[in-house]
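Report on the following structure.
The values are calculated or read from the model by the stated rules, or taken from the named source; none is laboratory data. These numbers were taken from a predicted model, which means no experiment stands behind them. Counting neighbours? That spans all protein chains shown, and the Cβs are built from the backbone with ideal geometry, glycine included. SASA here: full protein model, heavy atoms, side chains in, ligands and nucleic acids out. Shrake-Rupley method; radii C 1.70, N 1.55, O 1.52, S 1.80 Å.
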Amino acid sequence: MGGPLMIRTAAAIPERVGAGASFHGGGLVTEKPDSPHLLAASIKARLYIAVAGNDDQRQPDAKDKLREAFAAAKVPAEIEVYPRDQHGWCVADMPMQADGTPIYNKPDAERAWIKLLGLYHSALG
C-alpha cells in the first residue's frame, strides 16, 4: 500500500512533494484505469522505486511500464530490482519464510536506506 500511496500523494499535491520512494511496493502498475503509474504526468518529485526480486518475477513488465511512464512525463525516477530479495526485505521484524530463511536482508535494507537518504539530500537539500 505504501508505494501506490506515495505515487498518488506526489501526483495529488506535486507542489508539496519533492521526493518519494517505494520499497517492495506492490500495485504500482495495474490494468485498472486508476493505476498509480498512470499518474506520472502529474508528478514533479524525484522518485526511487526499489523492487523485490519475487515481486519482479510476479510482474516482470511493471518496472518497464514504470520507467516508460516516468520517462514520458520527464519524472526523474530510478527503478531498481533487488533480485535476491523477497517482498518485505527492508522490514527488520518480518517473519521467517516457510523454509525458515529470513525475509529481512540487512545489507540490502541498509543499501536501500542509503539510496533514500541520497534521494532526499539531492532533491530536498
- Message: I want to confirm something. Restricting to the range 29-59 and keeping residues that are within 14 Å of the chain's Cα centre (by Cα) and closer than 13 Å to A10 by Cα, which single residue is most open to solvent (accessible area, probe 1.4 Å)?
- Response: R46
- Just name the residue that is farthest from K44 (Cα to Cα) out of those in the range 74-84 that are open to solvent by less than 90 Å² (accessible area, probe 1.4 Å) and assigned to a loop (DSSP other than H, G, I, E, B). P76
- Item | Residue count for the range 90-125, restricted to those that are in contact with a Gly (Cβ under 9 Å, 6 or more places away or on another chain) and either within 11 Å of A52 (Cβ to Cβ) or not in a loop (DSSP other than H, G, I, E, B) (or both) | 5
- Tell me, which residue of the range 85-125 that is basic (K, R) and under 16 Å from the mean Cα position of the chain (by Cα) is least open to solvent (accessible area, probe 1.4 Å)? K115
